[in-house]
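Asks: I'd like to ask some things about the structure below.
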């Protein structure tokens, strides 16, 4: 039987906290194991401090997840006994066919009250260790994205009968630019030989999709066909198919 809110925070309390991405559910049990309060709260540090900061020292159980590291630290700083349950080991929740945040919070609270070992508790890393791990994972993500982009560029160039030379990832952009300039110059020559007006739009005989669109205007003059692009140039203008002065 639920009691009034004014009597909630008296005596030894056990709390089950089911963490969600935006909102979380919690269930409070009294000394006799009766439910005295069930509510939702935003999953933010401010809401956690406001809700659990006015409770006496209590036992709070939650499952491992995205938010459990910082939530467990906040509640520990407030003086509560925090139990972080292994999410895959709590069979009453994992195997349950009734997926409901409120019921999960009840289950966590009851298991924590009976015997915390039933929750297979885990210990989270410290904030400093978590920061170091985040840096490692962020770098791994960037390296993976860079590798995917390089492989995609190589595959696109191969589809046009070209091949990028073996080089380090830092030189790939330079190699791609060199190939683009080469195809731009071939397109100019083709239009000249066919008597077509030179324009990236009208040069339908040559596929120009690999040539990047740059916005700067300075071009270094090179020998050969007038208006050729050099792999050494900084950038080019593609507005009307003319070189910028």
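Asks: May I ask you to work out the translational diffusion coefficient for the stretch 79-144 at 25 °C, viscosity 0.890 mPa s, via Stokes-Einstein with Rh from the Kirkwood sum over Cα pairs, reported in whole µm²/s?
Replies: 172 µm²/s
Asks: Now, a different point. Any idea how far apart residue 145 and residue 54 come out in nm if each label point goes 7 Å out from Cα toward Cβ?
Replies: Each label point lies 7 Å from its Cα, and together they span 4.3 nm.
Asks: Further question: Quick one: give the max-minus-min coordinate of the C-alpha atoms of the stretch 6-128 along each principal axis, largest first, in Å.
Replies: Computed over the stretch 6-128, the largest-to-smallest principal extents equal 38, 36, 26 Å.
Asks: So for each of 60-66, 112-118 I average, over its residues, the number of other beta carbons within 10 Å; can you give me the resulting order with the highest mean first?
Replies: Ranking the peptides 60-66, 112-118 by packing returns 60-66, 112-118.
Asks: Can you tell me the order of 46-55, 70-79 when each peptide is scored by its average per-residue count of other Cβ atoms within 10 angstrom, highest first?
Replies: Packing order, densest peptide first, comes out as 70-79, 46-55.
Every number here is computed from the coordinates shown, using simple stated rules; none is lab data. All of these numbers come straight from a predicted model, not from anything done at the bench. With ideal geometry, Cβ positions are generated from the backbone for all residues, glycine too; neighbour counts draw on all protein chains shown.
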